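Below is one structure, written out as structure tokens; comments come after it.
Any read-out appearing in this document is the output of simple, stated calculations on the displayed coordinates, not a laboratory observation. Treat the numbers as computed from the prediction; the structure is a model and nothing was measured. Cβ atoms come from the backbone with ideal geometry, glycine included; neighbour counts cover every protein chain shown.
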Amino acid sequence: MPATRVLGEQLSVSRNTVVLTYERLTAEGYLESRPTVGTFVTSALPENALFLKKFSDSGSGFADQDAGERLTARHPVLFQGRAQKVVNPNQHKLSADFWAGRPDPHSFPLKPWRRHLLHHLSVAGAHLTTYNDPAGIPELRKAIADHLGPARGITATPEQIIVVSGSQGALNLVARLLIDRGTNVVVECPCYQGAAFLFESLGANLIPVRVDQHGIDTSDLPREQAGLIFVTPSHQYPMGATLPLQRRAELLDWAWETGAYVLEDDYDSDFRYQGSPLSALFGLDQHDCVIYMGTFSKSIGAGIRLGYLVLPRDLVEPAQTIKALLDNGHAWLDQATLADFISSGSYAKHLRRIRHTYRKRRDCLINALQRHFGNVQLTGSEGGMHIIWHLPNDFPNAIEVQKIAEEGGVGVYALEASAAICLHGDTCSQRALILGYSSLSESDIEKGIARLSKELSTRV
Ligand SMILES: Cc1ncc(COP(=O)(O)O)c(C=O)c1O
């Protein structure tokens with residue numbers, strides 16, 4: 001390379017500019033300086049290490065291998081299964097979409113989140129470059145343990161908590177822990193697709209137990225041995241019942257007698273509008289047979305993909321091993337941000353605020369349904385983010401109502417069109433419509449139900 005002064009004169013720029021340019025090109029590996037000799041273009045340009053050569057350029061013989069027939073069959077894909085619907089494929093076509101389980105898009109706690117995130121970015125040190133505990137950072141596990149005591153009646157040490165990627169991460173971890181081909185797994189009917197489809201994909205033998213107006217019917221629990229029972233006692237998904245204390249006790253007795261673990265999914269229990277919440281099954285369990293899973297998908301947002309498991313002590317070690325095998329741990333920055341968000345009191349404040357908003361939206365939906373359709377039969381309205389409307393006898397079935405509504409730009413859903421599944425065929429779901437309200441403003445709820453009424457009045 002020319003001397004810096006010479007090149008500066010040639011290009012009519014200051015020598016400093018040339019010096020800086022040489023320094024930058026040297027740092028990036030394009031130039032190398034040899035003391036007392038000068039600056040040279042490097043013989044191994046960085047591009048050679050960064051970008052692949054095309055096979056044709058490198059003269060590989062791969063192209064020849066494509067010709068001719070393969071002699072052995074390719075190994076079969078062993079996975080067989082289907083996935084839950086968490087995204088509504090039609091959402092952009094609708095003017096009011098009552099798809100269930102979505103938080104208010106404007107409710108994300110941006111200000112405190114940004115504050116905690118920026119703080120942690122500035123003090124991150126080596127946390128962003130090294131591995132952290134795959135089970136979760138200690139600060140977050142402690143913050144979750146402290147929150148669960150007063151909120152859910154759960155006494156657990158931070159060591160019993162594993163941070164996972166939402167409930168789906170928790171389900172996968174527990175499934176690896178307890179389910180093998182042929183394992184009996186009891187599920188509520190109807191239940192959450194995400195759980196049923198996962199267990200099914202691993203070859204579990206699903207035993208559905210009907211849900212009535214109080215939740216899972218404990219008198220119908222199977223007598224045979226089961227590895228696991230998956231339940232949503234706080235707000236049954238999708239029917240919305242809260243499991244009474246008596247049934248909670250019966251369920252735990254059954255688990256103790258048959259040797260099954262209970263997997264308690266507490267997905268939307270932060271939203272309770274009537275009466276005080278019942279203690280989680282984990283808090284009532286005397287025999288260390290309950291595994292509790294919680295998610296921040298509903299209370300903060302599904303985009304942050306954070307949830308947790310609380311494990312009985314004898315499952316902690318194998319579960320930690322599986323977590324390491326699954327993903328080596330969740331992103332440190334997100335965990336650190338969430339830990340501060342909870343322990344600073346911002347989370348409790350955020351929950352109080354959105355609980356209030358969702359309660360008003362629930363009331364608005366119930367009022368609108370009553371005004372337009374008279375004495376409607378609803379369940380699941382004591383908490384959560386959706387209600388179930390049991391359609392009157394003179395209405396078409398739920399799938400028909402869904403279609404009619406969709407033509408008018410309104411999204412209301414038969415159970416199996418949402419994230420629910422009925423394993424007894426469609427017998428328990430034909431007359432039930434699921435209506436989520438948490439993501440819609442009161443004015444959108446009013447307009448949506450008015451529109452639904454108009455569309456249905458021409459067909460009913
Ligand atoms: C019953 C139930 N559990 C859990 C979840 C949340 O899943 P995740 O935490 O993976 O976002 C949902 C979402 O709709 C749900 O309906």
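What the table shows:
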item	result
Cα-based helix-to-principal-axis angle, 166-178 vs the chain, degrees rounded to 10	80
Helical mean residue ellipticity (222 nm; -39500 (n - 2.57) per DSSP H run of 4+; nearest 500) of the chain	-12500 deg cm²/dmol
Relative contact order, percent, the stretch 91-175 [alpha-carbon distance under 8 Å, six or more residues apart]	20
q = 0.10 Å⁻¹: log10 I(q)/I(0) that the Debye formula gives for the chain, counting C-alpha atoms only	-0.81
Inverse mean reciprocal Cα-Cα distance (Kirkwood Rh) of the stretch 146-211, Å	13.5
Charge context of Pro46, other residues only, Cβ under 15 angstrom, K/R +1, D/E -1	-1
Selection from Ala319, Gln193, Trp256, by position along the positive dipole direction of the chain (Cβ)	Gln193
Relative contact order for the chain, counting Cα pairs under 8 Å that sit 6 or more residues apart, in percent	21
Fewest-first ranking of Lys111, Lys85, using other Cβ atoms within 10 Å as the exposure measure	Lys111, Lys85
Rg/Rh for the stretch 295-347, where both radii come from Cα atoms and Rh is the Kirkwood radius	1.02
FRET efficiency, 1/(1 + (r/R0)^6) with R0 56 Å, evaluated for Ser12 and Thr321 via beta carbons	0.25
Least to most buried among Arg82, Arg210 (fewest other Cβ within 10 Å first)	Arg82, Arg210
Separation of the Ala44 and Gln430 label points, Cα + 7 Å toward Cβ, nm	7.2
Potential extension, Ala249-Glu139 segment - 0.36 nm per residue separation minus Cα distance	36.3 nm
Label-point gap, in nm, between Asn205 and Lys53 - each point 7 angstrom along Cα→Cβ	5.9
Proximal lysines relative to Lys349, as straight alpha-carbon distance under 23 Å, when same-chain residues fewer than 8 apart are discounted	Lys111, Lys142, Lys298, Lys360
Unsatisfied cross-links (Cα-Cα over 32 Å) in the set Lys85/Lys454; Lys93/Lys323; Lys85/Lys447; Lys53/Lys85	Lys93/Lys323; Lys53/Lys85
